[in-house]
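Notes follow the structure.
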Ligand code: ARG
């Protein structure tokens, strides 16, 4: 007879192909240490409640110590026949400590066990990710600090719009990541609840203490409904949605890095260690890392849709469908973790070319709004000012020069309100420093934002 846990019920062994089809050990073995952690807490509670003997608990602990060592050393022999990480570990425990191992599963099901393992895993992953987001924010703030007063063209529609500080532009990503971290923290609260005790779906007839297990595992509370506890994976979906947003933010940043590194912009250079060459074109240095970040964002977005789709048709309570939550979730964690790690280093390795940024900001009439605002301050209604400046831009464009290159009497053709104080207004620095309020691009404000950011990072 094959060694399956449920062979007593069956008239023939499970087909080989089906075993391979239903087994998850190849990928869920990465939950091993969390599985052990969960089992030890469960066993301790069982002993404390008098459901198993203290001597059984001692044996279970001894066996689990050995198994942990085997897993950590890569010596554990995973068997596909044993389907998943849970049965593999339980079987090994029984081999090591006999009947005590067989008592571990009292008052428990793999359904509440796996939900617990995934939550323990995800909680640890979120803690890692929060640190990595912070490290990336630190890189951004460090670079922003060097460039609070570096002028670059700001874009809308990818057309030159108004001059902005490069530091200000970088801090936009700091803000996005700050919200991303908030989302992760918020999601963690709902991850951090204990399913164990729900057993297969209805709870268990043993006098267990779920709160005690929650306490032992550092969960904030216990899931309040056994059917919900074993069947929902909304916490994983929430996490993946938050992860997809982080990736989306980094994808936008990547798109900008790629553009900025293109010689047409020439605003930055990315350190060689993040680029690759071409096998045919000797001159090439390609921004592969940001391109891959952009590409991998699609993959994480895909995982989000996969998980949503996984859940949408499932009746309560547990269904085997849920085994399919792991690969998308693990890959989301891996992709996001690696991306954040590389990104923090890559941002630190950027060479900024302020001259190219400045030259670009001088093209495209980036200070046209400043001329309009100047006229408004002299009493002209904004719409009339807008019209006057539009005509001035058309005139300058025909000449092939900038607004600041026009003589005073030429500018006065468009409005008699123009005085010779206009030239200070039309400079890039004048434009920047005029936007001097919270959230504005004036270098003074950017420095204040950097101060706030640093305080946040120290907390
Ligand atoms: N490997 C399963 C999963 O990942 C564990 C739970 C299996 N439960 C069951 N009744 N088949 O969801």
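The values are calculated or read from the model by the stated rules, or taken from the named source; none is laboratory data. In this text the structure is predicted, and so the values were computed from the model without any measurement. Every residue, glycine among them, receives a Cβ derived from its backbone with ideal geometry; neighbour counts consider all protein chains shown.
Assorted remarks:
- Enumerated helices (runs of 4 or more DSSP H) restricted to region 340-448, each holding at least 1 residues that are in contact with a helix residue (DSSP H, G or I) (Cβ under 7 Å, 6 or more places away or on another chain) and within 30 Å of residue 136 (Cβ to Cβ): 354-361, 428-434
- Test: residue in region 124-136 that is crowded, with 23+ Cβ neighbours inside 10 Å and over 26 Å from the mean Cα position of the chain (by Cα): no
- Of all residues in region 185-217, those being within 20 Å of residue 329 (Cβ to Cβ) and either touching a strand residue (DSSP E or B) at 6+ places or on another chain (Cβ under 6 Å) or surrounded by fewer than 17 Cβ atoms within 10 Å (Cβ to Cβ) (or both) number 6.
- Residue in region 304-331 that is surrounded by the most Cβ atoms within 10 Å (Cβ to Cβ), counting only those that are under 28 Å from residue 200 (Cβ atoms) and more than 16 Å from the ligand (Cβ to nearest atom): 308
- Residue match in region 311-329 (condition: touching a residue at least 12 places away in the same chain (Cβ under 8 Å), within 30 Å of residue 269 (Cβ to Cβ) and assigned by TED's automatic domain parsing to the domain that holds residue 162): no
- Taken over region 263-272, the criterion of being surrounded by fewer than 16 Cβ atoms within 10 Å (Cβ to Cβ) and under 22 Å from residue 144 (Cβ atoms) is satisfied by 266, 271.
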